[in-house]
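In what follows, a single structure is set out as structure tokens and then discussed.
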Amino acid sequence: MARIPHLAGSAALVEIDPAAYGFVEEGAVGTGPFSGRMFMRSRIGMGWSWSLAIIGLLVPLACQAGDERKQLAYEAVDRNAATMAAISDAVFYFGELGMQEFESTKLLKGTLEAAGFKVDLGGAGMPTNFWAEWGSGHPKIAIVTEIDALPGGSQTPGEFARKPIVPGAPGHMEGHNTHAGVASTAAFAVKQAMQRYNIPGTVAISFGPAEEQLASRPFIVRAGYFKDVDAIIYLHIRDSLATGYGLQNYAAISSIFTFHGKTAHGAVNPWDGKDAVDAVELMDIGFDKLREHLRPSYRAHRTITNGGIQPNIIPDTGQIWWFVRDASMPAAKGTYDKLVKIAEGAALMTGTTYDVKYAASAWPQRVSRTIAEAIQKNIDAVGVPHWTAEEQQFARDFQKSAERPVVGLRTAPEALGERRQATSSNDNGDVSWVVPAGLLNFPSSVPGIEYHEWHAAVTPVSSISHKGQAVGAKVLAASIIDLLTSPELLAKAREEFERESKNTPYFSLLPSEAQPPTDLNRADMDKFRPEMRKHYQDVAPRFN
Ligand SMILES: [Zn+2]
């Protein structure tokens, strides 16, 4: 009766990603007579090639000055803007769910290997776990992000009305496809600067599978990928150019408790039965009695996943699936341990036995203030894209059509600040307890258009997205160059990390025999892939 002995095959902690959510800025509007619809219909061809042609013209003056190493990286991003868009757009049309990112990782492997990167695909027991790096030794700086899509997210780009590309199919209604282009282009730009200026060290990219189901990072950490990494930067799309610091979200533990009893006729010989669903109910009641004695920061929620068959059959199996959360992992683990004792008690009271399966876990994602301050300087230097009047008009039309506040696109980066700790969770939290972590959001979506719904799949291949990706790649590359070239910055981030984690050393929630749920979403992708394949873009993007 280990605490969390097995990994449940398909059960995981499905979560909205709080890092993705911005707030709506007032007054960020432009004007223009252009009807943005056609402009935004930017599949391959006119759309991205046209919009990219102007990106190079729109670099704010501020980033023309300063560090020439960064300048070289900015030029590499501008020169490869079409390649970056081609990568992100191809991944959009792959629309692959977590653990099934086969086409996306294949394309990225080809692109990054052609650019001289060493690619490790399939590590940590996950066929779509992707790690790429260039260079050698320290400092080693990694970009941490993800490229999975969401179920039911298929939507035709540029269309305000619901119009799936393939009905029922998954799709990028959070824009994780953009992470592919930004991360690889930024890493390439850093490589160019490292080569030209003989900057020692390593630049790496980690595309972790199945972020949307919190399914991979504890395994990637356990496999040791971050052991020799000096710092990471989380990368995520948003409607703004921003960083932040502090704890971003909650710790979470997800486990499934199954009780085993003895069946009997409910009327004829119920005294021979041992009711497993009684145990489920008693576990629920037992936890309700505990709630009064828990700290106010806790969260716990459950669903009964097996509640018997019919009333006259004493059920020999009952099952209940729990999420336990708190502001820190030790606090969540403390509550979780009590939950396990309650399961023991419920089994004792009913004469049943039980087992408990680990489903998922996540440490709260914490972000370094030191690294955030460095990133903010680059944000302020690069600035937000210069949106055209047509793009602003498109954004306002879209917001109006989606019944959101009509505010257009943001015309300034966010100021640096500590973010409020969200009570939801994100599996890349584990990484931030083994290595100092920064955070970068780039402005590739429309304010007020929330993720995890089909509206958010309208713009990920638009010129708005492409221009947001370009500034994101520049800020990311510049920030990695800072981390590679400033031992003081890295030492300060390390000292801060040690100080903050002294009282909360990382421990893995994974049972030793746990294996990643690699079958996750396989049936769904097998069902939809043949139709989706017809919309794949036949591209082989190459950096130059
Ligand atoms: Zn996300």
Inset, instruction - Among the residues of the range 411-450, count how many are under 25 Å from Pro218 (Cα atoms), within 13 Å of the ligand (Cβ to nearest atom), hydroxyl-bearing (Ser, Thr, Tyr) and at pLDDT 95 or above. - result: 0
Inset, instruction - Kindly list, by first and then second residue, each pair from a residue in the range 217-238 that is over 21 Å from Leu440 (Cβ atoms) to a residue that is charged (D, E, K, R) and more than 16 Å from the ligand (Cβ to nearest atom), limited to pairs with Cβ atoms under 9 Å and residues at least 6 apart or on different chains. - result: Asp228/Lys140
Inset, instruction - Could you grab the pairs with beta carbons closer than 8 Å, sequence gap of 6+ or different chains, first residue in the range 160-178 and closer than 19 Å to Ser88 by Cβ and of a type in the set (Val, Ile, Thr), second one within 11 Å of the ligand (Cβ to nearest atom) and at pLDDT 95 or above? - result: Thr178/Ile237
Inset, instruction - Return yes or no: is Ala210 of a type in the set (A, V, I, L, M, F, W, C) and at positive phi? - result: yes
Inset, instruction - Could you list all residues from the range 56-82 that are loosely packed, with under 14 Cβ neighbours inside 10 Å and either at pLDDT 95 or above or touching a Ser or Thr at 6+ places or on another chain (Cβ under 9 Å) (or both)? - result: Glu68
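Matching residues to (1) of a type in the set (A, V, I, L, M); (2) without any contact (Cβ under 8 Å) to a residue 40 or more places away in the chain; (3) over 25 Å from Ala362 (Cβ atoms):
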site: Asp482; (1), (2), (3): no, no, yes
site: Thr485; (1), (2), (3): no, no, yes
site: Arg494; (1), (2), (3): no, no, no
site: Asn503; (1), (2), (3): no, yes, no
site: Phe507; (1), (2), (3): no, no, no
site: Ala514; (1), (2), (3): yes, no, no
site: Asp526; (1), (2), (3): no, yes, yes
Inset, instruction - Check whether at least one residue in the range 454-474 is under 29 Å from Thr111 (Cα atoms) and of a type in the set (Lys, Arg), and report yes or no. - result: yes
Inset, instruction - Considering only residues that are surrounded by fewer than 24 Cβ atoms within 10 Å (Cβ to Cβ) and of a type in the set (A, V, I, L, M, F, W, C), look in the range 410-434 and name the one that is nearest to the chain's Cα centre (by Cα). - result: Ala422
Legend entry - Residue selected from the range 151-192 under the condition closer than 22 Å to Phe398 by Cβ and of a type in the set (D, E, K, R), by the criterion nearest to the ligand (Cβ to nearest atom): Glu174
Inset, instruction - For residues that are under 18 Å from the mean Cα position of the chain (by Cα) and not small (Gly, Ala, Ser), scanning just the range 131-150, find the one that is nearest to the ligand (Cβ to nearest atom). - result: Glu146
Inset, instruction - Identify all residues within the range 238-294 that are among the small types (Gly, Ala, Ser) and in a strand (DSSP E or B); write none if there are none. - result: Ala242, Gly246, Ala251, Ala252, Ser254, Ser255
Legend entry - Within the range 221-235, tally of residues that are within 25 Å of Arg522 (Cα to Cα) and either within 16 Å of the ligand (Cβ to nearest atom) or among the acidic types (Asp, Glu) (or both): 0
Legend entry - Scope the range 204-220; condition away from the ligand (no atom under 16 Å from the Cβ) and either of a type in the set (Phe, Trp, Tyr) or within 14 Å of Ala359 (Cα to Cα) (or both); matching residues: Pro218, Phe219
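One line per residue, one yes/no per condition, for (1) in contact with a Ser or Thr (Cβ under 7 Å, 6 or more places away or on another chain); (2) among the basic types (Lys, Arg); (3) in the same structural domain as Leu235 (by TED's automatic domain parsing):
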position	(1), (2), (3)
Arg291	no, yes, no
Pro296	no, no, no
Ala300	yes, no, no
Asn306	yes, no, no
Val324	yes, no, no
Gly334	no, no, no
Lys338	no, yes, no
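The values are calculated or read from the model by the stated rules, or taken from the named source; none is laboratory data. Bear in mind that the values here come from a model prediction, so they are computed numbers and not experimental data. Ideal geometry is used to build each Cβ from the backbone, glycine not excepted, and the neighbour counts take in all protein chains shown.
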